[in-house]
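Worksheet for the structure shown next.
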């Protein structure tokens, strides 16, 4: 079924059911409109009036509470100033003398303490501790010591070291005659002194609260008309996380009651007064009246509802079923994104429509995502796909269609002016999103994406061509991602079309050569350096292209891998090389080893491994050289395949490429039999001293590790004479082939 038919079969029933529902609802609304509108307007007006009165009351209470706090703090500040003044003169008075002379009259709930310059308590009244205590670590002492202009410091609630109770500690600095710091005077009060005489059920209601906060939102005191006073509670920004101004509505973070809040700064002090009126108190009488209004309206509408509700519910149920059917048909069950049906319908509708605005398409592939499934399991893979879908959905927004079109492939369709520019911006934004690793179950998973961009502005005129162009651009981006290890994007161009055409021709030629004997195998002699005896052969695959002539496997294997033909080619090369060598040795007693290069990337991507036991040669005479091995291919599945090949009897060699680049992670995970040093390693040997030193060190290290070294590209006598005398070193190249007269081993096999 094409997308247009799918759209018709899922959308039309929904529209029909909705139309029936609308007609029935309209009839009901016309009959009950007057009653409903009158009832709701009456309730809404009453609610608004009650709300406005409550807000005004909260504001007035907050202003009054701020003035009340100012007065309470002023009285305490006068006491602190006087004690500090009398303690810093040339003939200071003790606290007992001040009280005895009635110079100060602190209340019973007030504790006055004087600390010297070192923070040690020198006096306190009325309670005196059994031993001296130190206050040097208190925030108020540090503030007064370091900042002479602090004034009255109102600290956060703490447990007093003298009283042993939660207290608010207000302090002032004591100065020497020369202005130097001499200590502090601390006035400790119970937290309820801030609300005493003001916060009560008469002012704030049965469930109202009053609270005081410092400048940094830390709670000093919270008084609940029903529960009393506490100094422990959330900060002001928890009550008002959005900083909505002087009044707002929200839940109480302590009791979860809905409240109407008002706050006011305390004049002259870095404090904020907060009043919270409980909505349960505010709207209690309003709710009673609203119940009466709705009861009367409900009686009038009851007769209509008896007949209308079943009909409307049936119509809505029918519409809902159709909507669910359509949603299931166009939604990917795993990620919640659209599927390829929805994307196809979107593209077809935009391309067939009357709008002249261009359409752009992004094709997105997750780099080596299959290794996540193999290594961590499909549950983790599915969870990561859902997170990927969230990021794709975020980039697509509401004006574009995002769809999951395959296992780890996604597409985004855009329809707007300048669609190509929007698609390019979306690709860059998506790459930025994927720069942040995904988090799942306490672990992080870095993922890379390859993005292809195509647009009708670049020549595509139908949805199939547009999808093909985006996929072709994505394939180019995947090559770049494999090379760089980073997320990449590519924009479809005519050059890509030409390249795709050439690759298609190459693939047709390779398939024809594979099926009709057009591939050839060359076996080069491998000798042991120590005794110059031939111990094996090196297999190389060639194809005679009608256009390019004789081509080495390195020229076409990359294309074959991208098109899914590489496994068949390398299996063919392994089978033909072993057969050619077995045929050559027939009747002789020579048991030469066969060296065959196998792409590690292909081994990582394929689901199967060759059956070595079915080859003409015994598996223990096979040496498989793994090339193009990168650390991101070190999945459990790949390692298991290599172990299985070695269990069949084959030896595993790892190719060291240009200049000896190879990650240490590979050595730590693989069990190897030897290392193959590619011809590129000897290219500048022995003429270049640096290259010679590096190559010699690598070959020598191979011997020290107990691995068998195999060196390729020995094309001159100077290179042969340069080779280090490492135990078991084997080599091959043009020079050795000519010297040993092994041209008879250059076997062409169809």
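The values are calculated or read from the model by the stated rules, or taken from the named source; none is laboratory data. Fair warning: this is a prediction, and the values are worked out from it, not measured in the lab. Every residue, glycine as well, gets a Cβ built from its backbone with ideal geometry; the counts of neighbours run over all protein chains shown.
Per-structure values
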item	result
Residue within the range 540-556 that is surrounded by fewer than 16 Cβ atoms within 10 Å (Cβ to Cβ) and in a helix (DSSP H, G or I) present	yes
So residue 536, is it surrounded by fewer than 17 Cβ atoms within 10 Å (Cβ to Cβ) and either in the same structural domain as residue 725 (by the TED database) or out of contact with any strand residue (DSSP E or B) (no Cβ under 9 Å at 6 or more places or on another chain) (or both)	no
So residue 115, is it assigned by the TED database to the domain that holds residue 236, part of a helix (DSSP H, G or I) and more than 51 Å from the chain's Cα centre (by Cα)	no
Pairs, first touching a residue at least 12 places away in the same chain (Cβ under 8 Å) in the range 539-552, second loosely packed, with under 12 Cβ neighbours inside 10 Å, C-beta under 6 Å, six or more apart	542/550; 544/550
Selection status of residue 345, in a strand (DSSP E or B) and either touching a residue at least 24 places away in the same chain (Cβ under 8 Å) or surrounded by fewer than 20 Cβ atoms within 10 Å (Cβ to Cβ) (or both)	no
Residues within the range 81-104 that are in a helix (DSSP H, G or I) and free of Cβ contacts under 8 Å to residues at least 40 places away in the same chain, tallied	9
Matching residues, the range 370-390, being surrounded by fewer than 19 Cβ atoms within 10 Å (Cβ to Cβ) and part of a helix (DSSP H, G or I)	370, 374, 375, 376, 378, 379, 380, 382, 383, 386, 387, 390
Considering residues of the range 397-406 that are farther than 18 Å from residue 469 by Cα and without any contact (Cβ under 8 Å) to a residue 12 or more places away in the chain only, the residue nearest to the chain's Cα centre (by Cα)	397
Within the range 377-396, tally of residues that are free of Cβ contacts under 8 Å to residues at least 12 places away in the same chain and more than 17 Å from residue 434 (Cα to Cα)	3
Verdict on residue 78 being over 55 Å from the mean Cα position of the chain (by Cα), surrounded by fewer than 20 Cβ atoms within 10 Å (Cβ to Cβ) and touching a residue at least 24 places away in the same chain (Cβ under 8 Å)	no
Selected residue [modelled with pLDDT under 80 and in contact with a helix residue (DSSP H, G or I) (Cβ under 8 Å, 6 or more places away or on another chain)] from 262, 315	315
Scope the range 168-223; condition without any contact (Cβ under 8 Å) to a residue 60 or more places away in the chain and under 47 Å from the mean Cα position of the chain (by Cα); matching residues	169, 191, 215, 216, 217, 222, 223
Unmet requirement for residue 88, which otherwise passes all of (1) in contact with a strand residue (DSSP E or B) (Cβ under 7 Å, 6 or more places away or on another chain); (2) surrounded by fewer than 19 Cβ atoms within 10 Å (Cβ to Cβ); (3) modelled with pLDDT of 85 or more	(3)
Residue in the range 506-533 that is modelled with the lowest pLDDT, counting only those that are in a helix (DSSP H, G or I) and surrounded by 19 or more Cβ atoms within 10 Å (Cβ to Cβ)	506
Which listed residue is modelled with pLDDT under 90, surrounded by 14 or more Cβ atoms within 10 Å (Cβ to Cβ), assigned by the TED database to the domain that holds residue 188 and part of a loop (DSSP other than H, G, I, E, B), from 245, 233	233
Residue 324 in a helix (DSSP H, G or I), in contact with a helix residue (DSSP H, G or I) (Cβ under 6 Å, 6 or more places away or on another chain) and closer than 30 Å to residue 26 by Cβ	no
Count of residues meeting criterion [in contact with a strand residue (DSSP E or B) (Cβ under 6 Å, 6 or more places away or on another chain) and within 22 Å of residue 239 (Cβ to Cβ)] in the range 170-203	5
Top-ranked residue in the range 166-182 [being assigned to a loop (DSSP other than H, G, I, E, B) and modelled with pLDDT under 85; ranked as surrounded by the fewest Cβ atoms within 10 Å (Cβ to Cβ)]	178
Top-ranked residue of the range 183-197 - restricted to ones that are under 22 Å from residue 127 (Cα atoms) and in contact with a helix residue (DSSP H, G or I) (Cβ under 8 Å, 6 or more places away or on another chain), ranked as surrounded by the fewest Cβ atoms within 10 Å (Cβ to Cβ)	193
Odd one out for residue 34 among (1) in a strand (DSSP E or B); (2) not assigned by the TED database to the domain that holds residue 246	(1)
All positions within the range 408-433 that are over 18 Å from residue 347 (Cβ atoms) and in contact with a helix residue (DSSP H, G or I) (Cβ under 8 Å, 6 or more places away or on another chain)	408, 429, 430, 433
Breaking point among (1) farther than 23 Å from residue 472 by Cα; (2) modelled with pLDDT under 80; (3) part of a helix (DSSP H, G or I), for residue 589	(3)
Single residue of 560, 577, 568 found to be at negative phi and over 41 Å from the mean Cα position of the chain (by Cα)	577
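The rows are residues; the columns are (1) under 13 Å from residue 229 (Cα atoms); (2) surrounded by 15 or more Cβ atoms within 10 Å (Cβ to Cβ).
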{"residue": "146", "(1), (2)": "no, no"}
{"residue": "155", "(1), (2)": "no, yes"}
{"residue": "161", "(1), (2)": "no, yes"}
{"residue": "164", "(1), (2)": "no, no"}
{"residue": "199", "(1), (2)": "yes, yes"}
{"residue": "204", "(1), (2)": "no, yes"}
{"residue": "208", "(1), (2)": "yes, yes"}
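Let's see how each residue does on (1) surrounded by fewer than 17 Cβ atoms within 10 Å (Cβ to Cβ); (2) part of a helix (DSSP H, G or I); (3) touching a helix residue (DSSP H, G or I) at 6+ places or on another chain (Cβ under 8 Å):
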| residue | (1), (2), (3) |
| --- | --- |
| 564 | yes, no, no |
| 569 | no, yes, yes |
| 573 | no, yes, yes |
| 577 | no, yes, no |
| 582 | yes, yes, no |
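This table checks each residue for (1) in a loop (DSSP other than H, G, I, E, B); (2) within 19 Å of residue 73 (Cβ to Cβ); (3) touching a strand residue (DSSP E or B) at 6+ places or on another chain (Cβ under 9 Å).
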| residue | (1), (2), (3) |
| --- | --- |
| 216 | yes, yes, no |
| 241 | yes, no, yes |
| 254 | yes, no, yes |
| 260 | no, no, yes |
| 264 | no, yes, yes |
